[in-house]
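Heads up: the structure comes next, in structure tokens.
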Amino acid sequence: TCAALTLLSGSVAALGVWKWLGKRTVQKKMEEARRTRVEGLKKMAKAVQQFREQVPDVQRDAILSLPLLELTGRLQEGSLSPRTVLYTYLEKALEVTQQTNCLRHFIPECEEQLQEIEWHKEKGLLYGIPVSIKDHIGHKGHLATCGLVQCLGTVMEEDSVLVKVLKRQGAIPFAMTNVPQSLFSYECSNPIFVQTLNPLNPQKSPGGSSGGEGALIAGGGSILGIGSDIGGSIRLPSSFCGLCGLKPTGNRLRWVLALPCQPCPVPCALGPMARDVDSLALCMRALLCQEMFQLDPTVPPIPFNEQVYSSSTPLRVGYYDTDGYFPLPPCMRRAVKETRCALQAAGHQLVLFSPPRIPYVMTELFFKTFFADGGHAWLDVFTGDIVDPGVKPQVNTCKIPRLVKKLLALLLKPLQFLLLLKLKDVAMICICRSVKEMWNHHHQIQEYRSQFITQWKELQLDVVLCPVLGPAFTTGYPRKLLTAISSTMLYNVLDFPAGVVPVSTVTEADEEELKLYKGCCDDPWDRTMKQAVSGAVGMPVAVQCVALPWQEELCLRFMKEVETLSRDK
């Protein structure tokens, strides 16, 4: 007995030592990554300082205030040099990241790209434009971390297709931006590079997962950024930070999976983020070129349709201000109402539209896609890692034993509609119990898309106006309200192009009305939503614009109309 106890205690001690060593290794890797980042930012600051000494009379504020279209014009005609513009934005990006922690890494090769474009005879559509890219978009010689320790040792051997096309069009990728751990969160935080803050209010989140992009562009440190979106990851930061952002149809631009657990039935899309809609259109025009189609034959060779984007034909617009699943704060519904009235006054036809079966879409289609295996594939990416508080609730839910999940899924299914109003995290335990059920799940997604398109066509709609989640949540709240993303998630399941346009700001009257907000039934989730968005006076309020698949130009044209009308108020 004594020998057995000794052996047991020795095993426990050995296990403790092994765990300690594992944690220490993780800590060392994170410290090294942070050290590398600090060194990179110091090099960036040194390069900026040298430029300032060589060219002391640069009108920095004048350059930073130029809209993208005007800036490209100045660069094309030669009245501004790419070098001046690059170092102006590098300097501003350093200031913004000191306030918000939005940069993951500086791309020193931007100086080589600067020299490269100066030798080119032909100037691309993005000639001399500094562009920021999201952490996991591959750039040669750099990491694509996804906020995970296990990704810290893998350096990209070549540029991703999208980065190659940006460079061929004369753009200068200069920085990679921070993301939430594993990208599956709209709170921009990870254990390696920690929390990113909203430049408009440091108490608020910039959203996610393209939160670093949102913070950098909103802070003025970038004029054009590339994000990705699988549940709202371009549109939520755009809403929270007061930007324009476009999630295209899944395969309109080249996409490479960053994580092995990312599913196919609900595609992830790469898309642009900027200060105005014309910037998004210019970016899409530049990317949808012969170079893109040659580098990746899986991208449909559909160039940007200028005629559709510049059309002024009145539109037939479907609209709704709630999806009936997670009621949004009063200011977001006000934004839809005011935009609807402005569109009607401008001669467009408005038609009430009701998106069908959103609770079913959330649980049976969206979350079941991600957690069909009970979340095991997703949990694997955290192996040997420290779990960030931003994703801990989801990780803990996925760690519920498989048998318990199956039992809960069976027991709760008959009560699902009622429970959705009270137990919104029930969505996280929906699983596929067999391969046959998985195939059926894929079929259900296709079936829902067909039903939605049929309803759209019956009403003869061109586009749809609807709400987006906002205003910006107080830091720490996105992790408590994962299922509040129904407004954006829907269009990932459908694989429709969808964009966000800021149209207003939170007023004192909105804040007063928020005090009366009850949500669905004044349950804990509704009260949490109320807390998340309170104290947001002056923060941006946006709407969402949607078109049918492959109609990005029509979506952008509608976004431009909304933007113009909101500015004319």
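A few comments on the model shown:
- Which numbered condition residue 466 fails, given (1) under 30 Å from residue 561 (Cα atoms); (2) open to solvent by 40 Å² or more (accessible area, probe 1.4 Å); (3) among the hydrophobic types (A, V, I, L, M, F, W, C): (2)
- Hits in the stretch 193-210 (condition: farther than 13 Å from residue 98 by Cα, open to solvent by less than 10 Å² (accessible area, probe 1.4 Å) and assigned to a strand (DSSP E or B)): 204
- Among the residues examined, residue 227 qualifies as small (Gly, Ala, Ser) and open to solvent by less than 10 Å² (accessible area, probe 1.4 Å).
- Residue satisfying condition, being touching an Asp or Glu at 6+ places or on another chain (Cβ under 6 Å) and hydrophobic (A, V, I, L, M, F, W, C), within set 94, 86, 126, 69: 69
- Restricting attention to the stretch 263-308, the residues that are within 27 Å of residue 441 (Cα to Cα) and basic (Lys, Arg) add up to 0.
Quick grid of which residues meet (1) within 19 Å of residue 363 (Cα to Cα); (2) outside the structural domain of residue 340 (by the TED database); (3) among the hydrophobic types (A, V, I, L, M, F, W, C):
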position	(1), (2), (3)
451	yes, no, no
458	no, no, no
461	no, no, yes
474	no, no, no
480	yes, no, no
483	yes, no, no
486	yes, no, no
490	yes, no, yes
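- Residue within the stretch 504-525 that is modelled with pLDDT under 95, assigned to a helix (DSSP H, G or I) and crowded, with 17+ Cβ neighbours inside 10 Å present: yes
- Those helices (runs of 4 or more DSSP H) of the stretch 374-455 in which 3 or more residues are modelled with pLDDT of 75 or more and touching a Cys at 6+ places or on another chain (Cβ under 8 Å) occupy 376-380.
- Residue 460 falls short on exactly one of the conditions (1) surrounded by fewer than 24 Cβ atoms within 10 Å (Cβ to Cβ); (2) modelled with pLDDT of 95 or more; (3) within 15 Å of the chain's Cα centre (by Cα), and that condition is (3).
- The criterion of at least 2 residues that are open to solvent by 50 Å² or more (accessible area, probe 1.4 Å) and more than 30 Å from residue 524 (Cβ to Cβ) is met, among helices (runs of 4 or more DSSP H) falling completely within the stretch 248-358, by 290-295, 306-310, 330-345.
- Residue check for residue 189: in contact with a Phe, Trp or Tyr (Cβ under 7 Å, 6 or more places away or on another chain), crowded, with 24+ Cβ neighbours inside 10 Å and within 14 Å of residue 145 (Cβ to Cβ): no
The values are calculated or read from the model by the stated rules, or taken from the named source; none is laboratory data. What you see is a predicted model; the values in this text were computed from it and never measured. Heads up, the Cβs are rebuilt from the backbone with ideal geometry, glycines too, and the neighbour counts pull from every protein chain shown. The accessibility values were calculated without ligands, DNA or RNA, using every heavy atom of the protein model including side chains. Shrake-Rupley method; radii C 1.70, N 1.55, O 1.52, S 1.80 Å.
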